[in-house]
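Working notes, structure below.
The values are calculated or read from the model by the stated rules, or taken from the named source; none is laboratory data. Please read these numbers as outputs of a predicted model, since none were measured by experiment. Glycine gets a Cβ as well: all are built from the backbone with ideal geometry, and neighbour counts include every protein chain shown. Accessible surface is based on the protein model in full, side chains and every heavy atom, while ligands, DNA and RNA are left aside. Shrake-Rupley method; radii C 1.70, N 1.55, O 1.52, S 1.80 Å.
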Amino acid sequence: MKNNDLLMSIKSIWIYRICNRLKTIEVRKRKPKHKPNFRVFLYCTKADPQIYKSNINKVDYGVNKKRPDLTLNGKIVGHCTCTEIKEFRYNKKTFSYDITDEDLAATCLTQEELKKYGKGEPLYGYVLKTVMLYAGPADITEAYKTVDGKKIPITVAPQSWNYIDGVGII
């Protein structure tokens, strides 16, 4: 049976905000076929700014020179649960997306950023809860899909997100 987990590539600035509970809605152009209450594995892109795990549940900007193994860029940093997917439609009368002020604040985006990203097409807000950071970040190859009963490691980060069957460290 296939798992409903997602591996989601997220820029480091957004990983910082998600892990520090400042951002609780991640906006994407597409949504999965299955219903919410699935795990989202958080892959931090390699692009700057550099971030690192500073303690059990906190992420900071920079590099920990004493513990470079805690650098999160280019790694799977943890997972969370997507409890709901909200649809944000573009309103041609108001020239903006129909989204509450509370939800907009939870995305850490502005209407202008939504318009630039969505270009008038529907957008989907993944409501992320129960963020769990790993003791040490995992390599992308620890994520896998199962093909013919064999675990096949993921070797390339997804452009946005992909279905996976799990991550070997949990």
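Mean separation of Cα pairs under 8 Å and 6+ residues apart, divided by the residue count of region 24-170: what relative contact order is that in percent?
On the way: 256 pairs, mean separation 41.1, N = 147.
With pairs under 8 Å counted, the relative contact order is 28 percent.
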| message | I'd like the Karplus ³J(HN,Hα) series for region 91-100: coefficients 6.51, -1.76, 1.60, θ = phi - 60°, whole numbers in Hz, and an x wherever there's a Gly or Pro. | response | 9, 5, 7, 9, 6, 8, 7, 7, 8, 5
| request: Mind ranking Val147, Val77 by accessible surface for me, highest first, 1.4 Å probe? | output: Val147, Val77
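About the Cα centre, and with charges only on the beta carbon of Lys, Arg (+1) and Asp, Glu (-1), how big is the dipole of region 75-170? Nearest 20 debye, please.
On the way: 12 positive and 13 negative charges, 50 e Å.
Result for region 75-170 is approximately 240 debye, rounded to the nearest 20.
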| Amide H of Lys75: which non-local residues (sequence gap of 5 or more, or other chain) have their own amide H closer than 5 Å, using H built in the peptide plane? | Cys44
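As a test of reading the structure, rank Thr155, Thr45, Thr24 by solvent-accessible area (1.4 Å probe, protein chains only), most first. Write out the running numbers ahead of the final one.
Working: Thr155 100, Thr45 35, Thr24 55 Å².
Output order, biggest surface exposure first: Thr155, Thr24, Thr45.
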| HN-Hα J couplings of region 137-146 from phi, Karplus 6.51/-1.76/1.60, θ = phi - 60°, integer Hz, Gly and Pro as x? | x, 9, 6, 4, 6, 7, 7, 8, 10, 9
| remark: Heavy-atom accessible area of the chain with neighbours in place, 1.4 angstrom probe: carbon+sulfur share in percent works out to 53
| task | Express in Å², to the nearest 10, the accessible area of Val127 obtained by rolling a 1.4 Å probe over the protein heavy atoms while all chains stay in place. | result | 10
| note | In Å², rounded to a whole number, the accessible area per residue of region 31-96 with probe 1.4 Å is 60
| Can you give the charge dipole size of region 36-83 about its Cα centre, rounded to the nearest 20 debye, using +1 on the beta carbon of Lys and Arg and -1 on the beta carbon of Asp and Glu? | 160
| Hz values of 3J(HN,Hα) by residue in region 64-80 - Karplus curve (6.51, -1.76, 1.60), Gly and Pro given as x | 7, 5, 7, 9, x, 5, 8, 5, 9, 4, x, 9, 8, 9, x, 8, 8
| remark: Over all Cα pairs of region 12-170, the Kirkwood radius sets Rh, and Rg/Rh then becomes 0.99
| field | region 29-107: chymotrypsin sites (Phe, Trp or Tyr not before Pro) in DSSP loop, at most 12 other beta carbons within 10 Å | value | Phe95
| Given H placed 1.01 Å from N in the peptide plane, which residues other than close sequence neighbours of Lys23 have an amide H under 5 Å from its amide H? | Ile18
